[in-house]
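Here the structure is laid out as structure tokens; the discussion comes afterwards.
The values are calculated or read from the model by the stated rules, or taken from the named source; none is laboratory data. Worth saying up front: this structure is predicted, and the values here are computed from it rather than measured. Don't worry about glycine lacking a Cβ; one is built from the backbone with ideal geometry, like all the others, and counts go over all protein chains shown.
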Amino acid sequence: MKLHLATAAAALTLAASAVSAQDVIRMGTEGAYPPYNFINDAGEVDGFEIELGNELCARAELECEWVTNEWDSIIPNLVSSNYDTIMAGMSITDERDEVIDFTQDYYPPTESAYVAASEDADWETGVVAAQATTIQAAHVAEGDAALLEFATPEETVAAVRNGEADAVFADYDFLKPVVESSGGELVFVGEPVPLGGGIGMGLRESDAELKDTFDEAITAMKEDGTLNEMLVKWFGDEIGQY
Amino acid sequence: MMPACTDPDALEGLAWLACYLTTGKHMAFYTSFGTVLLLLAITAPAALAFGFGGAVMARSRIAPVSWIGRTYIAIVRGVPDIAFFLFFVIALDQAFEWLRHQAKCPDWDQPIRQGNDFVVCAEAKLPLSTAPQWVHETYGFALAVLTFAIVFGAFAANVLYGAMRAVPRAQIETAEAYGMTERQTFRRILVPQMWVYALPGLSNLWMVLIKATPLLFLLGVRDIVYWARELGGTKTPQFTDYPHGDWRMWYFLALLVFYLAFTKVSEVVLARIMARLTKGQATAGGEAQRKAAA
């Protein structure tokens with residue numbers, strides 16, 4: 001929309017393109033998935049994707065504004081143009097790609113892992129918690145375990161702590177800080193499972209030019225190594241790099 | 001934040017708690033109580049207006065008007081709230097943008113529906129994407145008020161419709177005997193007397209409305225339940241200066257106290273309104289008041 005306008009305006013008059021240059025790109029995120037995105041002590045959005053998104057906007061010379069939205073309705077609100085991008089730890093999958101478009105991944109394909117309260121927890125056939133409408137929930141639903149879905153990532157971990165679920169299945173990098181700070185209360189169990197095609201920025205299918213703009217900026221950040229620095233800063237040395 | 005809070009790790013006990021409870025995030029939590037109260041303050045009269053309109057339309061003698069009123073009551077009362085809040089708000093927002101698009105961008109040559117996408121011209125966006133964040137938040141809040149008013153208006157319409165029929169026929173006949181027109185009868189006799197019959201139903205609605213405010217988060221407005229969940233969740237030391245375990249129970253306990261206190265105050269106020277409305281009415285309550293005074 002705004003970019004269709006931008007091109008049309010640029011072709012017509014300089015004045016008109018000056019107006020559209022002030023357009024604000026609204027960036028949707030969940031704000032509940034540290035270290036990808038979360039609300040910090042000051043009540044503002046923070047995290048890997050926020051830092052990356054701001055850098056991408058700076059490189060593309062766009063003015064960006066962050067909006068938080070519940071995970072469940074994050075795609076419907078994007079296609080309804082309530083915001084223009086999604087950066088919310090959203091893995092690139094074929095199902096989602098049918099509804100929206102993704103940029104190239106800015107976070108490499110990684111593994112998802114099981115976390116339980118003890119080593120002998122039954123993560124294979126027991127009750128496994130996962131966030132609703134995620135690739136992890138889809139994976140659990142296919143297996144032998146009973147799936148217990150929650151609206152937020154926090155609740156999936158809480159379900160294991162209070163014994164409602166035998167294990168939680170989520171992105172390894174989300175679970176790592178949780179396990180580290182649990183003081184041995186929570187442990188990784190089973191084998192990690194490679195899932196998804198990395199995390200990319202979601203955009204409307206009709207917004208091809210905005211997608212190209214961000215793709216270019218991501219490529220540039222991959223080439224000059226700044227994306228790798230950011231990945232290491234937020235996820236540690238173990239993280240896969242570009 | 002207070003300057004003493006720069007190094008929370010060194011703090012203990014009450015000092016830590018004082019710093020913790022005054023973080024920017026907690027301030028947002030406290031502000032959200034105001035958001036909820038403001039929503040109630042605007043929604044209640046708006047829903048009452050919708051309800052009054054719906055009731056008047058439903059009992060209209062002109063058939064199409066009556067159908068509209070009855071359809072409104074039947075449809076909204078029949079659809080689950082959560083479905084209404086998820087679907088209706090997006091539809092409402094798109095309807096507004098579509099209307100603005102038709103008015104402002106007649107030369108637009110691209111389809112508005114492109115696959116799954118809903119795309120209108122930049123001038124028709126509501127609010128404009130260049131608008132500051134507070135405009136977006138106010139717009140979201142206004143949509144929330146409108147949706148709540150429509151939903152609760154339908155229930156209020158049904159209550160008021162019943163209340164209008166409950167006013168004793170003798171009262172209406174007397175008014176007619178005095179030569180009042182239909183309009184005068186409605187304004188002077190029917191409406192003033194119906195409230196006493198409507199109030200028990202309306203007070204129920206008010207209580208339900210208070211407890212329905214957490215639906216706000218479905219509309220993108222961060223309310224007290226959202227913040228309680230967010231603040232109470234386990235915080236790991238990597239991402240906050242104030243790590244703690246799962247404290248949701250304490251936050252929800254605080255909400256419980258808030259809601260209980262609020263509904264208690266409501267009950268007291270409603271009881272007083274009821275006593276005032278009962279005065280001089282041809283009801284058992286009014287009769288009891290007369291006997292007590294005599």
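Taking each residue of the range B:216-243 that is at the interface with another protein chain (Cβ under 7 Å from one of its Cβ atoms) and more than 18 Å from residue B:24 (Cα to Cα) and looking for partners that are aliphatic (A, V, I, L, M) and outside any helix (DSSP H, G or I) with beta-carbon atoms closer than 9 Å, six or more apart or interchain, yields B:220/A:67.
Among residues belonging to the range B:129-142 that are free of Cβ contacts under 8 Å to residues at least 40 places away in the same chain and either β-branched (Val, Ile, Thr) or more than 9 Å from chain A (Cβ to nearest Cβ) (or both), point out the one that is surrounded by the most Cβ atoms within 10 Å (Cβ to Cβ).
Ranking the candidates gives B:139 first.
For residue B:92, indicate whether it is more than 10 Å from chain A (Cβ to nearest Cβ), in a helix (DSSP H, G or I), under 25 Å from the mean Cα position of the chain (by Cα) and surrounded by fewer than 18 Cβ atoms within 10 Å (Cβ to Cβ).
yes
Inside the range B:1-36, residues that are within 17 Å of the chain's Cα centre (by Cα) and surrounded by 14 or more Cβ atoms within 10 Å (Cβ to Cβ) make up a count of 4. Looking only at residues of the range A:149-184 that are under 22 Å from residue A:95 (Cα atoms) and surrounded by 23 or more Cβ atoms within 10 Å (Cβ to Cβ), we find that the one that is nearest to the chain's Cα centre (by Cα) is A:171. Taking the criterion of being of a type in the set (A, V, I, L, M, F, W, C) and more than 20 Å from the chain's Cα centre (by Cα), the residues of the range A:185-207 that qualify are A:186, A:187, A:188, A:189. Applying the criterion of being at the interface with another protein chain (Cβ under 7 Å from one of its Cβ atoms) and more than 11 Å from the chain's Cα centre (by Cα) to the residues of the range A:24-36, the residue that is modelled with the highest pLDDT is A:26. The single condition among (1) in contact with an Asp or Glu (Cβ under 8 Å, 6 or more places away or on another chain); (2) in a helix (DSSP H, G or I); (3) more than 26 Å from residue A:85 (Cα to Cα) that residue A:141 does not meet is (1). Considering the range A:135-153, and only residues there that are touching a Phe, Trp or Tyr at 6+ places or on another chain (Cβ under 9 Å) and touching a residue at least 60 places away in the same chain (Cβ under 8 Å), the residue that is nearest to the other protein chains (Cβ to nearest Cβ) turns out to be A:152. Looking at (1) over 28 Å from residue A:237 (Cβ atoms); (2) at pLDDT below 90, find the lone condition where residue A:111 falls short. The single condition residue A:111 does not satisfy is (1). Filtered by the rule that a residue be within 14 Å of chain B (Cβ to nearest Cβ) and buried (at least 22 other Cβ atoms within 10 Å of the Cβ), the range A:103-124 gives a lone residue, A:115.
Checked across the range A:218-235, the condition of being modelled with pLDDT of 90 or more and in contact with a strand residue (DSSP E or B) (Cβ under 6 Å, 6 or more places away or on another chain) holds for at least one residue. Against the conditions (1) in contact with a helix residue (DSSP H, G or I) (Cβ under 6 Å, 6 or more places away or on another chain); (2) within 14 Å of another protein chain (Cβ to nearest Cβ), residue A:195 satisfies every one except (2).
Selection within the range B:76-99: residues that are in contact (Cβ under 8 Å) with a residue 24 or more places away in the chain and of a type in the set (A, V, I, L, M). The member of this set that is farthest from residue B:141 (Cα to Cα) is B:76. Against the list (1) part of a loop (DSSP other than H, G, I, E, B); (2) surrounded by fewer than 23 Cβ atoms within 10 Å (Cβ to Cβ); (3) not aromatic (Phe, Trp, Tyr), the condition residue A:81 fails is (2). Residue A:39 passes every criterion in (1) at the interface with chain B (Cβ under 7 Å from one of its Cβ atoms); (2) at pLDDT 50 or above; (3) surrounded by fewer than 21 Cβ atoms within 10 Å (Cβ to Cβ) apart from (3). In this structure, residue A:113 does satisfy being assigned to a strand (DSSP E or B), within 30 Å of residue A:226 (Cα to Cα) and touching a strand residue (DSSP E or B) at 6+ places or on another chain (Cβ under 6 Å). Counting the residues of the range A:154-190 that are in a helix (DSSP H, G or I) and facing another protein chain (nearest Cβ under 9 Å) gives 8.
Just one of the numbered conditions (1) surrounded by 20 or more Cβ atoms within 10 Å (Cβ to Cβ); (2) more than 12 Å from chain A (Cβ to nearest Cβ) is not true of residue B:259: (1). Of the numbered criteria (1) touching a His at 6+ places or on another chain (Cβ under 8 Å); (2) facing another protein chain (nearest Cβ under 9 Å), the one residue B:122 fails is (1). Is there a residue in the range A:52-63 that is crowded, with 23+ Cβ neighbours inside 10 Å, over 23 Å from residue A:228 (Cα atoms) and of a type in the set (A, V, I, L, M, F, W, C)? No, that holds for no residue. For residue B:60, the conditions (1) exposed (fewer than 15 other Cβ atoms within 10 Å of the Cβ); (2) of a type outside the set (A, V, I, L, M, F, W, C); (3) not in a helix (DSSP H, G or I) are fulfilled apart from (1).
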